[in-house]
Amino acid sequence: MAKKKTPRKNVAKKATKRAAKKSPLVPNKKAVQTKVNKRVAVQYLIFVADDEDNGKEVMHAAPLATADASYLCDRVIPTLRPLSDEEYMTGPVIILRTLARFSYVLFEQELYWCAEWQPGLVVIRFSPHREMAWTGIRSPIPNFGRREPLPEDLAAYDEDAENHQYNLVFKAWDAQFDEDHRRWKKFKPASKAVQAEFEAALAKVNDLGDQLQARFGDDKSGAAAKKCQENMNQWLGEGIRLK
């Protein structure tokens, strides 16, 4: 997701509808934006190995920067659409079997899994009181993942703009492995309440463990993984362009 120099062009006067036509993940026009409530914490969650306790992983939490929290809550979350158990097991679960970078964000007792994945940022919501939901947001970087830029990508690109997609993934990812980053981002051991919310949010998807083992445990040919990748490409398409 790192920014790369790309020729800039004039912003198109007419917003493109190409992404909406080609991606099944079209945002609900009637969706009500989830305004960030300053009284409610929007937190990154990471796991840090404790060298003094035989490498035991300890959950740490830190607040998101206001602009990044607003991007997630006000712009990304309203584009979520339902994700069934079967869709999860034949699509997004493949992310766990790759080297893709990702982060966890806790907001209002629900967990948002943010992954760097074509077409840019894939976000999946895990919740203790409602079904899974997901979205695929197109990266603002025209040549993200070495793809061929489309005219609308070049037209909308602003190399000086903050890349919130990058921030949502890598501010937490980097902190997980670097003590300095944890200090700079104000990570601290998570409270028992936060840990409980994390576990509750993942309880439903964790129940799919046996089914996933049956599908992938003996997948020596890689057929199941390949199918997941194909589904991801089809379902996400060009992704949703946020304006």
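Points worth noting:
- For the stretch 141-243, accessible area per residue (1.4 Å probe, heavy atoms of protein chains only), Å²: 60 Å²
- Long pairs among Lys56/Lys204; Lys204/Lys226; Lys56/Lys186; Lys188/Lys243, criterion Cα-Cα beyond 30 Å: Lys188/Lys243
- Rounded to whole numbers, the Karplus 3J(HN,Hα) couplings from phi for the stretch 125-139 are 9, 10, 9, x, 10, 8, 6, 5, 8, 8, 7, x, 9, 6, 5 Hz, using 6.51 cos²θ - 1.76 cosθ + 1.60 with θ = phi - 60°, and x at Gly and Pro.
- The share of accessible area on the stretch 34-161 that comes from carbon and sulfur is 49 percent, using a 1.4 angstrom probe.
- Sequence-separation-based contact order of the stretch 102-215, relative, with Cα cut under 8 Å and 6+ spacing, percent: 26 percent
- Listed residues Phe177, Phe170, Phe47 arranged by accessible area, highest first, probe 1.4 Å: Phe177, Phe47, Phe170
- In loop segments of the stretch 36-121 as defined by DSSP, the trypsin sites (Lys or Arg not before Pro) with at most 13 further C-beta atoms inside 10 Å of their C-beta are Lys38, Arg39.
- Note on the stretch 57-181: dipole from Cβ charges, positive end direction compared against Tyr88, Gly145, Tyr71; the farthest Cα belongs to Tyr88.
- Extension gain for Leu99-Asp50 works out to 15.3 nm (0.36 nm per residue, less the C-alpha to C-alpha distance).
- Mean separation of Cα pairs under 8 Å and 6 or more residues apart, divided by the residue count, gives the stretch 128-192 a relative contact order of 18 percent.
- Summed residue charge, Cβ within 14 Å of Arg130's Cβ, Lys/Arg positive, Asp/Glu negative: -1
The values are calculated or read from the model by the stated rules, or taken from the named source; none is laboratory data. Model, not experiment: these values are computed from the prediction. Positions of Cβ are backbone-derived with ideal geometry, glycine not excepted, and every protein chain shown enters the neighbour counts. Heavy atoms of the whole protein, side chains included, go into the accessibility calculation; ligands, DNA and RNA do not. Shrake-Rupley method; radii C 1.70, N 1.55, O 1.52, S 1.80 Å.
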